[in-house]
Amino acid sequence: RVHFNAAHRLYNPAFPEDWNTRTFGVCANPNYHGHNYELDITVTGPVAPETGYVLDINVLKRLAEEKLLDHLDHRNLNLDVAHFRAVNPTAEHIAIYCWDVLRPSVPADLALRIRLWETPRNYVDYEGR
């Protein structure tokens with residue numbers, strides 16, 4: 001589990017302001033709002049007989065820091081992360097983004113699952129397409 005703080009605004013520019021307000025409520029605030037995200041990264045697969053690991057936790061932590069946290073933490077997702085300039089940064093889309101960014105760096109024989117906690121009561125799971 002890793003942690004990052006980020007701001008975002010849920011908004012679909014294809015629809016008028018009143019539609020966005022009705023659909024996304026306070027999350028459509030033009031001045032953005034923030035979350036203290038918790039990101040659970042799970043890999044599953046065979047245990048390597050040489051190490052006794054599925055994947056060294058330090059390797060996974062470094063990947064999370066370099067590939068995700070360095071780019072998401074203390075950012076405005078809509079403005080600072082190129083991907084979210086064109087994609088509404090919902091928890092679902094953020095989870096998919098995290099999976100897509102990490103997947104190429106995780107060995108192909110290991111399954112990858114992302115659980116993104118937006119609040120202590122709201123999370124999204126994503127295991128790939």
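The values are calculated or read from the model by the stated rules, or taken from the named source; none is laboratory data. No experiment lies behind these values; they were computed from the predicted model shown. Virtual Cβ from ideal backbone geometry, glycine too; neighbours counted across all protein chains shown. Areas reflect the complete protein model, heavy atoms only, side chains present, ligands, DNA and RNA absent. Shrake-Rupley method; radii C 1.70, N 1.55, O 1.52, S 1.80 Å.
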*How many of the residues making up region 29-73 are under 23 Å from Val124 (Cβ atoms), outside any helix (DSSP H, G or I) and without any contact (Cβ under 8 Å) to a residue 24 or more places away in the chain?*
1
*Quickly run through region 75-129 and pick out the residues that are of a type in the set (S, T, N, Q) and more than 14 Å from the chain's Cα centre (by Cα).*
Ser105
*Exactly one condition in (1) open to solvent by 50 Å² or more (accessible area, probe 1.4 Å); (2) in contact with a strand residue (DSSP E or B) (Cβ under 9 Å, 6 or more places away or on another chain); (3) in a loop (DSSP other than H, G, I, E, B); (4) of a type in the set (A, V, I, L, M, F, W, C) is not met by Val26; state its number.*
(3)
_Of the criteria (1) outside any helix (DSSP H, G or I); (2) touching a residue at least 40 places away in the same chain (Cβ under 8 Å); (3) in contact with a Lys or Arg (Cβ under 8 Å, 6 or more places away or on another chain), which one Asn78 fails_ = (1)
*Could you figure out which of (1) without any contact (Cβ under 8 Å) to a residue 12 or more places away in the chain; (2) farther than 18 Å from Arg1 by Cα isn't true of His83?*
(1)
_Odd one out for Asn20 among (1) open to solvent by less than 50 Å² (accessible area, probe 1.4 Å); (2) part of a loop (DSSP other than H, G, I, E, B)_ = (2)
_Looking at region 89-111, I want the residues that are without any contact (Cβ under 8 Å) to a residue 12 or more places away in the chain and have a partner that is assigned to a loop (DSSP other than H, G, I, E, B) with Cβ atoms under 7 Å, at least 6 apart or on another chain. Which pairs are those?_
His93/Val87
*Within region 33-74, how many residues are hydroxyl-bearing (Ser, Thr, Tyr) and either over 22 Å from Leu110 (Cα atoms) or in contact with a Phe, Trp or Tyr (Cβ under 8 Å, 6 or more places away or on another chain) (or both)?*
1
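Please go through region 85-100 and give me each residue that is in a helix (DSSP H, G or I) and either under 24 Å from Ala48 (Cβ atoms) or in contact with a strand residue (DSSP E or B) (Cβ under 7 Å, 6 or more places away or on another chain) (or both), ordered by number.
The answer is Ala91, Glu92, Ile94, Ala95, Ile96, Cys98, Trp99.
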